[in-house]
Amino acid sequence: MKKVLFTLIACMSFGLLMASDNADEIRTMQVVKSESSIWWKGYKVGGDHEGFVDIKSGGLEFNSDGMLTGGRFVIDMTTISCTDLTGDMNARLVNHLKSDDFFDVEKHPEAHLEITRVISRGEPGDYRIVANLTVKDITDEIRFNTILEDKGGMKVGTAQMKIDRSIYDVRFGSGTFFSNLGDRTIHDEFDIKVTLAVQ
């Protein structure tokens, strides 16, 4: 009788353990680079510029219920581009953004974003994200909303946010670091729109 009872308890414990393991199962879906993009727009006194930068790699993590639980991705800072200028003016701006006046891509070719907390906003696929963004080896917490949708066998999310470049020691033309810039001032905050597809 004791042997039967022991066997029954062991089977129940194993079943509960397996159920717990399944509940905690995390699935990682990888970035589809061809369907993903990061658009940026920066502002100066009397004007603005915009362009793109590529996502190099990464993925999003989901639990067994299909809920987003985390993720991380790498941004290839060497791919910074500008879409509102052409010719020499385009090359001059892009080279300046890549220089040590701005993002110093020779020393810091990658930026990183890692999700640290995911908060459901009540609707399927609608989340509040807390993440660490690392640029030029400086990490700061950012928060933004995203909506994930199923499209063609992929999950596609979009997010918009403002980034303060001064936090990451990007000083050129910044009123945070320099006074009396006048109409040469470049605003610290710039807009980002991320489209991220994973599969």
Exercise. Please work out which one of (1) of a type outside the set (S, T, N, Q); (2) in a loop (DSSP other than H, G, I, E, B); (3) within 17 Å of the chain's Cα centre (by Cα) is the condition His112 fails and give its number.
Key: (2)
Self-check item: Meets criteria (in contact (Cβ under 8 Å) with a residue 12 or more places away in the chain and surrounded by fewer than 15 Cβ atoms within 10 Å (Cβ to Cβ)) for Gly153
Solution: yes
Quiz item: Which of the residues that make up segment 29-64 are part of a strand (DSSP E or B) and of a type in the set (S, T, N, Q)?
Solution: Gln30, Ser37, Ser57
Self-check item: Single residue of segment 41-93 satisfying the filter (free of Cβ contacts under 8 Å to residues at least 24 places away in the same chain and not charged (D, E, K, R)) that is surrounded by the most Cβ atoms within 10 Å (Cβ to Cβ)
Solution: Asn90
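Would you call Asp88 among the acidic types (Asp, Glu) and more than 19 Å from Asp191 (Cα to Cα)?
yes
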Practice problem: Please tell me if Glu106 is part of a strand (DSSP E or B), surrounded by fewer than 12 Cβ atoms within 10 Å (Cβ to Cβ) and modelled with pLDDT of 95 or more. | Solution: no
Quiz prompt | Number of positions in segment 78-103 that are hydroxyl-bearing (Ser, Thr, Tyr) and outside any loop (DSSP other than H, G, I, E, B) | solution = 2
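The values are calculated or read from the model by the stated rules, or taken from the named source; none is laboratory data. Model, not experiment: these values are computed from the prediction. All Cβ positions, even for glycine, are placed from backbone atoms using ideal geometry, and neighbour counts span all protein chains on display.
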